[in-house]
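Derivation of every value follows stated rules applied to the coordinates shown; laboratory data play no part. This is a predicted model, so every value here is computed, not measured. Here the Cβ positions follow ideal geometry from the backbone for every residue, glycine too, while neighbour counts run over all protein chains shown.
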Amino acid sequence: MQKIMQPILAPAYCESCYRPVVPEQFFCADCARLILPVANLDLKVNSKYSAPVLAISNYADPLKKLILAKNGGNRLASKQLAQLIWEQTSLRYLEIDYVIPVPLHWTRLVTRGFNQAEIIAENLVEYKQAFDQERLASLKSNPANKSVQVAHLLKRSKRTNYQAELKTVARWQNVQTAFSLNTELLANHIFANKNLVLVDDLMTTGATVISVAKLLATLKPKSITVVVACRVV
Ligand SMILES: [Zn+2]
């Protein structure tokens, strides 16, 4: 049952400037210094909920390179982002029931072919499970039935032909509100009074995150926290 954390096999060169680095470092010391932490942000969701936003840093190199990594081989980049989120935010200390990836924007699915938020979410859940188990073991309490898990709670509504006819700005707005809840999952899980963590790779205007958080708020969770790798500051 015990899950053993697999260390990520990082290439032994800097992901940003390609200078050699010691194994398990993504960036050389010079590039790592460019990752500037950002203060946590509070997003107002509605009158009842606000969601703290945890992020590694602003959207700039060298992390920007990991966000933009496109090839299949760059699933590794998503894992690296997850590891950096885990190491550099306070996520581990939060009570979490469900980690919910934001579905991939269709414009990005075309270029990437997989959902970075989903891979980040899966990896964060693994880190969190291992962390909680270790902590419970040290407290000599029973590593519980209750464990954090990924929930694919969100769906992007299908694009319609109608949408293709909209002008660019209108289409963008349409996409922003084009989420719905996965009703199958709602039938089998209880999200009321649970601690939800919403995961995306990048937060730009916050419009996507807010529209999704508003949807989650209708489930009356205990808390909503947003975790992104980078945010535009
Ligand atoms: Zn470097």
What does the charge count around SER57 come to, taking other residues whose C-beta lies under 13 Å from its C-beta (Lys +1, Arg +1, Asp -1, Glu -1)? +1
Show me the ranking of peptides 57-63, 23-29 by mean Cβ neighbours inside 10 Å, starting with the highest. 57-63, 23-29
Among 91-97, 185-191, 224-230, 124-130, what's the highest-first ranking by average C-beta atoms within 10 angstrom per residue? 224-230, 124-130, 91-97, 185-191
Where does each of ASP132, ASP201 land when they are ranked from fewest to most other beta-carbon atoms within 10 angstrom? ASP132, ASP201
